[in-house]
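Accompanying notes for the structure given below.
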Amino acid sequence: MPISSATKHAFKSILVGLPKPCGGEYGKFFSLPALNDPRIDRLPYSIRILLEAAIRHCDNFQVTESDVEKIIDWENTSPKQAEIPFKPARCILMDNTGVPAVVDLAAMRDMMPKLGCDPYKINPLIPVDAVIDHAVRVDVARSCDALDRNQELEFDRNKERFAFLKWASTAFHNMQVFPPGSGTVHQVNLEYLARVVFNEDGIMYFDSVVGTDSHTTMANCLGVAGWGVGGIEAVVAMLGQPMGMVLPGVVGFKLTGRLRDGVTTTDLVLTMTQLLRKHGAIGKFVEFYGVGVGELSLPARATIANMSPEYGATMGFFPVDQVTLEYLKLTGRSDETVSMIEAYLRANKMFVEHHEPETDRVYSSYLELDLSEVEPCVAGPKRPHDLVPLKEMKSDWHSCLDNKVGFKGYAVPKEEQGKVVKFDFHGRPAEIKHGSVVLAAICSSTNTSNPSVMIGAGLLAKKASELGLEVKPWIKTSLTPGSVVTSEYLKHSGLQESLNQQGFHLAAHGCATCVGNSGDLDECVSAAITENDIVAAAVLSANRNFEGRVNPLTRANYLASPPLVVAYALAGTVDIDFDKEPIGVSKGGKEVFLRDIWPSDEEVEQVIKSSVQTQMFRQVYESIMKRNPRWNELPVPEAALYPWDPNSTYIRKPTYFNGMSMSPPGPPTVKEAYCLLNLGDSITTDHISYSGKIPDGTPAARYLRECGVDPKNFSSYGGRRGNNEIVMRGAFANMRIVNKLLDGQAGPWTIHVPTGEKLYVFDAAMKYKSEGHDMVIIAGAEYGSGSSRDSAAKGPMLLGVKSVIAKSFERIHRSNLVGMGVIPLCFKAGEDADSLGLTGRERYTIGLPTNIAEIRPGQDVTVTTDNGKSFTCTLRLDTQLELAYFNHGGILPYIVRNLAEQAK
């Protein structure tokens, strides 16, 4: 049941019926207007969804009337970091993070009989949609049969992982698993899974969702409250446990005007990302309002909502309006369902008319943007919020070559900047230089839900082909949309053929380049780059361009709209001013500029109207569970308890419950700990838990060789995250991570302080553990930014890291550290390791009480070192529930003990 027993429900008096226009009723719902509280009218729409969930679940045990009052009084309580419980309506999992989450569930179920309890207690209590958004390795991107060949390769490499998930779909209640090739989790959620309004067991309520994909936020464009969590938190939600959260502040972002012709949604979202990063949105909701919102299509809103993790927000929320309803109809939701959604939202005062006078809502802070002022741009070369106006790209690139090594610099000597490297590409003369594009990808995530930019890319490719322009064959190109429907309308419009002519063949429906699975560059291209120290470039239509994420050989990575991805591929370089320099020469010998092939908004809109059809969505999703014959034929075990294979290198039973007793261990002590790594700012989850290919010679490769795995089958760190042995060896395995203990040298190594040895991070950690030493990590600002990757917390924990001391944490990663029992500490404002004179060669003792009753959220903690230094940090255990997790050694042991106790 979505509510506690109606006979004793604290808010039974506001449970009312919602009448249908022609008689009868849709169902009953908790009416916010019936509370008769004027404070509710001032609440942001996004906070009202939290309020309704608290009211519906209010049993005065897990959710209390006091919690409800905190939310109603949000204007006063949110600045005080008030804690509330939240129970989402559903949960979604993606493959690379969903597999570890289900592994955890299976291991928890396996533990229950040992505690004398029913293993079926470990079953999802909320609906779980597990979408196999497998990270496809694009090894054959320019082949016309790339899609089938990639799927065959991926299925062969990952069938053990797929079989595990197929087992889970039968072993657990309330879990639906979508086969490989279905698309990305956030796009399937947008087009098919999102309910907007639930109507179950006669009770109507708002759709809300947490997911192991950080871009779960894409559904915010539908008025769905949802955000990314790690697999650890997902397990909490799946088992019906309340998620403890701090009542967030809300940034009110007012939009006015409309985008100019030729300016894409990608340009808008990159502009917003920079604005919101400067404004400060970490841990907050962003709610969009104003007449400008009404000028944005639903796919445009989806692009903005999708990018929430990049601008640091928990979610970027668009309330439901008429545009939302039209999109729901377009994507195949029935007229009756859409009518029910509209009636419920209007009855609960959650439907918006943007051109009506603004209601007097209150926000924590305010931003405003005139859409007409947005101009074409890209972001890079190393971070998504480093905006570069397109007209300034050439000068910005030369500045990057000049600047010292950093987020905007490569320190290439002046005399080296014009160097041209000539090489033979399979019998054809070829050349690259600094800024040459060697990888161009129209990929999933942000843009492929948006027909305007996808069709724009196709039209640009068509115009270029008609003039005789072509992408150089040594540039690796690919098209990996997140939705099967995208392929349908590109095919229907004839534009897929034009994209094929420029090398952008359909390679997958899922994540690829955007998570580092672009596959290897051609050997001769790789040799030209590495032997001549070329700063080569990638251009991709994704969310993230952190160092080492896209491809280890592309040190410059730019985010751009799909049409600009094609344009830069045609130009072959990022060292170009599109206004003044031609993109190429036509077959008639005439210079062709970008403006000559850029499609107008009117051209794009005409193709959308004729090619994007409701029947495409219906046909795709009616057959989605049967589309993959390899999945259908896959045999799976029928046992309720998973038959763990001790020889498996993909799925291994985790060690979190080894030696577990019913009594919580209490807070750990951290004494005389060595610093495993001393890191700077913006260390991402890609740095901490690398997703890409497992290189030979690394600790993970050594382990796989010992297990008898051939190097050609090493696969990726991401693909093997169901095996803790790989998670542990993949921690800090990124070749681009910079450790100050190595005097700025990049790579997956560190110094074993007692001996001064340079070792792989894994080897150094094992050496410290064998010597009986604790370990900590020192870091700068925004530690853990990027993907909601629970392995980025699991890996360090398995290595033996007890605490991370940083200037600041990204929201999801901090929560994941807490979930794994790792202590997150923040330096005080204005302080960091450098200002305190910390080198990382000290030994650290954290002055935390051993009695949990003496610890409170956010308290000051004194850290001392063996050389006499002492400094104060803030304990980033933010809620009482997080303290409980900490006392139990993490979320998973806490849940097992609670379930076992309830079963007695």
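Only one entry of VAL236, VAL210 meets the criterion of being within 18 Å of the chain's Cα centre (by Cα) and hydrophobic (A, V, I, L, M, F, W, C), and that entry is VAL210. For the range 621-644, residues that are in contact with a strand residue (DSSP E or B) (Cβ under 9 Å, 6 or more places away or on another chain) and either modelled with pLDDT of 95 or more or open to solvent by 60 Å² or more (accessible area, probe 1.4 Å) (or both) total 1. From (1) closer than 18 Å to ASP681 by Cβ; (2) of a type in the set (D, E, K, R); (3) free of Cβ contacts under 8 Å to residues at least 60 places away in the same chain, pick out the condition that doesn't hold for ASP860. Checking ASP860 against (1) closer than 18 Å to ASP681 by Cβ; (2) of a type in the set (D, E, K, R); (3) free of Cβ contacts under 8 Å to residues at least 60 places away in the same chain, the one that fails is (1). Among the residues of the range 79-101, those that are of a type in the set (A, V, I, L, M) and surrounded by 23 or more Cβ atoms within 10 Å (Cβ to Cβ) comprise ILE84, ALA89, ILE92, LEU93, MET94, VAL99, ALA101. Only one of PHE178, PHE198, PHE206 is out of contact with any strand residue (DSSP E or B) (no Cβ under 6 Å at 6 or more places or on another chain) and over 19 Å from GLU310 (Cα atoms); which? Going through PHE178, PHE198, PHE206 in turn, the sole match is PHE206.
The sole residue among ALA536, ALA560 that is under 29 Å from TYR311 (Cβ atoms), surrounded by 24 or more Cβ atoms within 10 Å (Cβ to Cβ) and in contact with a Lys or Arg (Cβ under 8 Å, 6 or more places away or on another chain) is ALA536.
If I ask for residues that are within 19 Å of PRO309 (Cα to Cα) and either of a type in the set (Val, Ile, Thr) or open to solvent by 10 Å² or more (accessible area, probe 1.4 Å) (or both), which ones from the range 810-836 would you list?
Hits for the range 810-836 are GLU810, ARG811, ILE812, ARG814, SER815.
For SER661, indicate whether it is of a type outside the set (Val, Ile, Thr), in a loop (DSSP other than H, G, I, E, B) and under 26 Å from CYS511 (Cβ atoms). No.
Looking at the range 220-323, the helices (runs of 4 or more DSSP H) lying wholly inside it that each contain 3 or more residues that are open to solvent by 10 Å² or more (accessible area, probe 1.4 Å) sit at 265-279. Listed by position, the helices (runs of 4 or more DSSP H) inside the range 13-76 whose residues that are open to solvent by less than 40 Å² (accessible area, probe 1.4 Å) and either at pLDDT 95 or above or over 20 Å from ARG195 (Cβ atoms) (or both) number at least 3 are 45-56, 65-72. In a residue-by-residue description of the range 102-124, the property of being surrounded by fewer than 20 Cβ atoms within 10 Å (Cβ to Cβ), farther than 30 Å from ASN551 by Cβ and of a type in the set (Lys, Arg) applies to at least one position. Checked against (1) open to solvent by less than 40 Å² (accessible area, probe 1.4 Å); (2) in contact with a helix residue (DSSP H, G or I) (Cβ under 7 Å, 6 or more places away or on another chain); (3) at pLDDT 95 or above, LEU875 passes all but condition (2).
Can you find a residue in the range 226-249 that is within 30 Å of TRP598 (Cα to Cα) and not basic (Lys, Arg)?
Here is the first cut: in the range 226-249, the ones within 30 Å of TRP598 (Cα to Cα) are none.
There is no residue in the range 226-249 that is within 30 Å of TRP598 (Cα to Cα) and not basic (Lys, Arg).
Checked against (1) modelled with pLDDT of 90 or more; (2) over 24 Å from ALA54 (Cα atoms); (3) open to solvent by less than 10 Å² (accessible area, probe 1.4 Å), ALA194 passes all but condition (2). Close contacts from the range 727-743, counting a first residue that is basic (Lys, Arg) and a second that is open to solvent by 60 Å² or more (accessible area, probe 1.4 Å) and assigned to a loop (DSSP other than H, G, I, E, B), with Cβ to Cβ under 9 Å and a gap of 6+ residues or different chains, come to ARG736/PRO552; LYS740/ASP834; LYS740/THR839.
The values are calculated or read from the model by the stated rules, or taken from the named source; none is laboratory data. Not measured: the values here are computed from a predicted model. No Cβ is skipped: glycine too gets one built from the backbone with ideal geometry, and neighbour counts run over all protein chains shown. What goes into the accessible areas is simple: the full protein's heavy atoms, side chains included, and nothing from ligands, DNA or RNA. Shrake-Rupley method; radii C 1.70, N 1.55, O 1.52, S 1.80 Å.
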